Amino acid sequence: MSVQVESLIRNLESRGVTVGIDGGNVVLTPSETFAFSAREMSDLRSMKPELLNYFQRKMPQGVRLVRWQPHTAPLMLYRIEVVAEVEPFIELTLRRLQEALQRDSDAAPYIDYLSQAGILVEMEKPLR
């Protein structure tokens, strides 16, 4: 992945902008006081394919990302508990989803946990 993409995402997030994906669109949710410069808007437009790939590459094989818009902490899950660190929770859940898919075991709970965290995925093949 491009160091330029990682740098842009870190820069935006450090300034209070949430970077996400919805379908084939990059979604930026700025804080109330944030304003994009013309240069940043141009950079974002030119790097759209790389930004989309940045989030898709986090998905296990066989899983297609539909939306990546993590909720803010604390995150209350229906069946687990309160999650204070959302990004590590998402990464762990993606790893567990990948393990479940590799073992051909039930992946549905992990898909549910991801949706509760603001990450919507679809399976390329139906779950059994």
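Charged side chains reduced to their Cβ positions (Lys and Arg at +1, Asp and Glu at -1) give the chain a dipole of some 280 debye around its Cα centre.
Projecting the Cα atoms of VAL19, SER31, LEU44 onto the charge dipole of the stretch 1-50, computed from C-beta unit charges around the Cα centre, puts LEU44 farthest toward the positive end. Entry note, the chain: relative contact order of 23 percent, from Cα contacts under 8 Å with a spacing of 6+ residues. When shorter helices are ignored and each DSSP H run of at least 4 residues is given -39500 (n - 2.57), the per-residue value for the chain at 222 nm works out to -13500 deg cm²/dmol.
Computed from the coordinates by the stated procedures, all read-outs in this text should not be read as laboratory data. Keep in mind that this is a model prediction, so the values were computed, not measured. As a convention, Cβ positions derive from the backbone with ideal geometry for all residues, glycine included, and neighbour counts pool all protein chains shown.
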